[in-house]
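In what follows, a structure is listed as structure tokens, so that the remarks can point back to it.
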Amino acid sequence: MAQSIVLIRAEEKSVALCGEGRWNLTVLQATLLALHQAGASVIAPMMKDAMPISSECGGLAGLVQLAEVSKHVGSVVYPDSVPPVLAQAARRTGVLGLALEEDGVARGFTFNSSSLDSLRLPFGIVVASLATTNVPSPVAGSFLHVPIAMPQKGENLFPSHRFSDIWKLVQAGNREGLVRLVQGKAIVLYSDSFMSQSLPAPIEFSVPIALLHVKLANAYLTNAWASPVPLVIAFVMTVSLSWIFFVAMFRERILSRHGFFIDLVIVLFASSAFFLGFQWNWVWPLFSMGLAVGMTLIGVAVWGFVQSRATVQQRIVQAKQQFMQLEQELVGRSEEHTSELQSH
């Protein structure tokens, strides 16, 4: 994990929040200034404040003042959903929404390096790109893959602090304490209410949008770009896995001519889908991220086939031995019976 990302979580009853989980703009102004003075490289408040803003949260005047502070700080990143006055004052803005799959379910997110020049980058990519200048440029066509399957308490994977603790340092003017926590770091501020907003996902997962963007930023900062699988490797792997699939599924079945062609069509269809999955980056992100698991599964399948074949051969040998032994016993009994008849 990238140690250059620090999370600051505003608790539900924190002084940072007001109204229905909105940011208190006055408190946020003071926090941005303090974090900037403590040496934070990037400050990224996750907020969706839409107009109108109540006087309890700072009102229109508070919004204008926050914009001025953001412009002064010069390293603030906002989601593109904030009011225009904040978007214009920010260093850059990022997109929070992520594309779902055709069935409306989010199982993961793949970001291609070819999109780095786009004006509408994901929030996490914008934060990471401003946080560092020493990450090597990705190879053309490479990609970052962030799976949906992640721990529910995924924020524990990164250095994390409660806003109330940070606010105490701000109020006390304890700059040295803040410097130890945030100097040179990319600071992501979020609230419990924001974290509770989840992407549509399989029943077993409910992943906050904030965590997905933080993990995307982490992948960028740790140079976790994966290159597209070469055509030759894709072809070899497709043929190998298809053969294993064919043998594993049908090795114990006596195929009629009709059944053989049906099975062949099934295998060819699966192989084509698998090959296209490699070329369109459907399969390789998952395979490359879990290469050890994938190779283990393939090894288990091959070992199972070898063991099964050895077992079958051993049983055939045992059956032949039993047959020969039975034949010898029958011959012996026949000879005994013939001797008895001759003696009579």
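For this structure, a couple of remarks:
- Between residue 33 and residue 326, the C-beta separation translates, for a Förster distance of 56 Å, into a calculated FRET efficiency of about 0.05.
- Accessible surface computed residue by residue for the stretch 1-41, with neighbouring protein chains in place and a 1.4 Å probe, gives 41 Å² per residue.
- Cut-off 13 Å, label 7 Å out along Cα→Cβ of residue 11, residues of the stretch 166-187 by amide N: 166-168
- Binned Cα-Cα distances of the stretch 6-70, short to long, each 10 Å bin given as a whole percent: 20, 56, 23, 1
- Listed residue pairs exceeding 22 Å between alpha carbons, taken from 13/215; 185/215; 71/185; 13/185; 13/168; 71/215: 13/215; 13/185; 71/215
The values are calculated or read from the model by the stated rules, or taken from the named source; none is laboratory data. From a predicted model like this one, the values you see are computed outputs, not experimental measurements. Every residue, glycine as well, gets a Cβ built from its backbone with ideal geometry; the counts of neighbours run over all protein chains shown. Only protein heavy atoms, including side chains, enter the accessible area calculation; ligands, DNA and RNA are left aside. Shrake-Rupley method; radii C 1.70, N 1.55, O 1.52, S 1.80 Å.
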